[in-house]
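Heads up, the thing below is written out as structure tokens.
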Amino acid sequence: MIAPAPATTPASGARALRVRARAEIAANVIAAYYGLDAAIAVNPVLPSLGDGFTAALSHAAPAVGARGALTEQQFRAHLASGRIARSELAASIRRRSTVAHGDDAALVESFLAAAPREPGHERSAEHALSAVDERLARWCRAALAPEAAAWPVPVERLGFYRAWREVSRRDPSLSRHQRRRVADLPDSPDAALADVLERLGVVDDDQLDRLRTELAQLPGFAAYVRWRAMTSGDVGVVDLLAVRLGLVWALGEPLAAPRDVPKVDVDRVLIWQEAFEAAPHRQVLDSLSTAGSATLDAAAHLVFCIDPRSEGMRRHLERTGPYATTGFAGFFGIAALVEPLAALEPSASCPVLLTPRHLIAERPAPGAWPAAGRFVGRGAVGRALRSALKSPDALAGAPLGWAEASGWVLGPSAVARSVLAGRTLAPSRPDDPRTGVSTLFDIDSALTPEAQVDTAEVIMRTMGMVDGFAPIVVFVGHGTSTTNNAFRTALDCGACGGHRGAPNARIAAALLNAPVVRTGLAERGISIPPDTLFLAGEHDTATDVVTIADLERVPEDRRAEVERLLADTRRAGDELARERAVELPGAGSGSSRAVARRSRDWAQVYPEWGLARNAALIIGPRSLSAGADLHRRVFLHSYEPDHDPQGVALETILTAPLVVAHWINAQYFYSSVDPEVFGAGTKTVHNLVGGAGVLSGPSGDLRLGLPWQSVGTRSGLHHEPVRLLVVVDAPRERIERIVRQADVVNDLVHGQWVILVRPGESAGEWERCTAAGWQPWMMEPGSGAEQKEAA
Amino acid sequence: MSREALTKMTKIEVVARTVDADAVRRQIVAAGATGYTSLPAVTGLGHHGAHEGRQLFNDRDALTLIITVVPDDRADDLIEGLRSLLDLTAGVMFVSDTFVSRPHYFR
């Protein structure tokens, strides 16, 4: 047996275990929230994935008091502006109704006239916290982020529930009667929960619904506790419910009422939603139909992350010179705990779908120890300084005095940061590839030669890169340069678990350059020419600068090639920055330098748009999309169907990158359709709760999802909440087999979370994978004029 | 070694979706079991058809087998707790008598 149980855990009886089971299932009212230290995009109603998108509209979103789609008024505004074409709306009505007759105008008028009397759902005021919510939220802040708590609480010693019980039985803000009630509660959380439910008369059959309703009152903390239960395991949903129900009992408050959300007319919402999705989806498919061909005889081949932000860089780079590009999940197949040189601890630099399989540490290169020592020392001094500046905050009464004493020192610094606005910021993150210290990732200590060859083979075959190698191949990860931004990791690479992608790129390149790996790959049918050089780089998505790492190890006779490549990435980056600046609030037609400067401005709430407006995922050869301007709205995963007759690579792509792309798409979707419940609100009033998350203002629930500045501006939504169109260039049978066998793909496709299409028999035709088989996917004609007008 | 020299206990095995495996493990710990063994990415053929093992880049959407051994007097509560969990989610449970050589490990 492994993993011994904590010795202090008393055995729970059958009654408590039954309640515990219901609490565990009730937690499915909301998905886990991963906090800010490594912000991972997730579908907030992920536990309901198997029930489908429709059920999320009618049940999963309303269960936490949220909307699952835009409101009737918002859809009508899009119709009025021309964003939704009347022809698209009519087509959508026809698809969903067997009795829809007449011309487009008549259909649309009749649909609009049938609107519910109270269209949509507008909240009149913020959800007011009950006394129980207020106390529970306060306890969660103190217990889940004790470093941010005003007073120390004995959570580490006693656990979440027992510490609350110990503190509350002496809490002077409770009456003697209330304190006695707390003291009478059992010592273990599941027994306490069972006890209170019994005292309150909640019978077995009602307990699951009751517990769901209770958790739905503070979905932010519930979601965060779920994540802690999955990771450190120091708190669980049973503890949270035990404290909540303990408070209900002690305060004599009523049990929570289900969240007040009007009934959803699901069919009507789906008609609107499909009409809303038609234009961006058709735009993607139209672009593909007219795309050019991929670059042959490339001077260099650059492998980017599938992230939509890479699409812009790839497009501009391909226009700049003879370069081929590929899209691949940005962890480049390296499922590892990565420990950068100056990091305090390793972090999982791979998708959360994966358990890290290796620990790979960064070491100084031979001869670089003195420089490495200085770099690590600078990091330690910086941390010590920050800690010293921050420590008075933790002492009661000290912050005011500290501000008086230190303000004259920190004031000029604040003025300089404001006036200079990021002009002088040097790289300070340990995983930044521009540290100036020569280092290596120690892959030999982490992977046996056999494992190195296995990993390399998976990388190359999944990318479809098995022959025709360019003289230079660069793995280009991505990360972001932004300051004073609590949501920074949400802008880093999701495939790297919310971290920068450079370490993974460097490990993958080192692997592919290793002689033992080259030999092993050749034995397995992948012969890489001896003069093919693998490099690692990183695309900074806030500045559009591409950095190539480990330049000092490029052979002398290859430096000119690399310099040419770097010069071309600079030109491509400049073009991309100008393109992005048009959409960034206040950037106007800013230069690339101006875009870079605003990314380091500590007052800038829009350093970049991240993955806003994402709308599709294309899985296929680059020839399918080369030359197309996809407006940074499309995840691009390369796939060569001819190199994958068994469908192994496609299965890998559909069960992992597709899932991650959906999570991201769903996070943006729900943060946009209900920013109050599924979004984090405006950054301007955020208060940090340790690394857990943010509050809007001084109290309340932990905010889920993305801040408003990731999805919208003062003028309204920038992101368009559309489901992901998934284009797969592969034979029908291969796709069908994977959809049938992989539950998660089945749920996504047949649950209508994504719209999966493949090319039809003729050019410009598409067919959709549905539960009823492949259906022609109609490209509604006749709306071009309206669309152009709207654009 | 004959069975007489061993101590009779109860072995409980649960096959659950990996996303639900944590809840199963917590249930086992809460019932007072001193440990468990967890086997990720198990494969097989069952009520819902064939289940492949771990996907190449996805450990999450797979099945996990969790095994624990408890003294007989602690078994019924745990079985009850696990049944309550499996009534509400996918998964199967097998309960059998077993014999162990180091009984103090499991008490």
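Select from the range A:658-741 those trypsin sites (Lys or Arg not before Pro) which occupy a DSSP coil region and have at most 12 other Cβ atoms within 10 Å, ordered by residue number. Listed in order of number, the matching sites are A:R714. The mean number of partner chain beta-carbon atoms within 10 angstrom of a residue's beta-carbon across peptide B:18-28 is 5. Cβ crowding within 10 Å ranks A:E561, A:E318, A:E556 as A:E556, A:E561, A:E318, fewest other Cβ atoms first.
Across the options A:A572, A:Y606, A:H637, the greatest Cα extent toward the positive end of the charge dipole of the range A:526-676 (unit charges at beta carbon of Lys, Arg, Asp, Glu) belongs to A:Y606.
For the peptide A:505-511, the mean number of other protein chain Cβ atoms found within 10 angstrom of a residue's Cβ is 0. If only the Cβ of Lys and Arg carry +1 and only the Cβ of Asp and Glu carry -1, the dipole of the range A:657-791 around its Cα centre is close to 360 debye. With respect to chain B, whose longest principal axis is taken over its alpha-carbon atoms, helix B:18-30 is tilted by about 20°. Each of A:H316, A:H358 was scored by other Cβ atoms within 10 Å of its Cβ. Arranged with the fewest first, they read A:H358, A:H316.
For chain A, the antiparallel share of DSSP beta bridges with both residues in that region comes to about 40%. Report note on the peptides A:22-29, A:407-414, A:324-331: ranked by the mean count of other C-beta atoms within 10 Å, highest first, their order is A:324-331, A:22-29, A:407-414. With the cut-off at 1.5 for a/c, could you classify chain A from its C-alpha gyration tensor as rounded, prolate or oblate? It is oblate, given that a/c is not under 1.5 and a/b is not larger than b/c. Rounded to the nearest 20, the Cβ-based charge dipole of the range B:1-61 about its Cα centre (Lys and Arg +1, Asp and Glu -1) stands at 200 debye. Only one residue of B:L6, B:A23, B:T68 has its Cα farthest out toward the positive end of the dipole of chain B, where Lys and Arg carry +1 and Asp and Glu -1 on Cβ, and that residue is B:L6. When you restrict to C-alpha pairs under 8 Å that are six or more residues apart and normalise by the size of chain A, the relative contact order lands at 18 percent. Shielding of peptide B:76-86 by partners, expressed as the average count of other chain Cβ atoms within 10 Å per residue Cβ, is 5.
In straight-distance terms, cross-link reach from B:K8 covers every one of the aspartates and glutamates whose alpha-carbon lies under 19 Å from its own, apart from those fewer than eight places away in the same chain; here that gives B:D72, B:D73, B:D76, B:D77, B:D97. Each of A:F669, A:I618, A:A470 was scored by the projection of its Cα onto the charge dipole of the protein assembly as shown, and the greatest displacement toward the positive side belongs to A:F669; charges sit on the C-beta of Lys, Arg, Asp and Glu.
Counting only residues at least eight positions apart within a chain, or on another chain, the aspartates and glutamates with an alpha carbon under 14 Å from that of A:K263 are A:E72, A:E118, A:E122. Overall, the protein assembly as shown carries a charge dipole of about 2280 debye about its Cα centre when +1 sits on the Cβ of Lys and Arg and -1 on the Cβ of Asp and Glu, all other atoms neutral.
No value in this document is a laboratory result; all are computed from the given coordinates. The structure presented is a predicted model; accordingly, all values stated were derived computationally and were not measured. Neighbour counts are summed over all protein chains in view; Cβ atoms, including those assigned to glycine, are modelled from backbone coordinates with ideal geometry.
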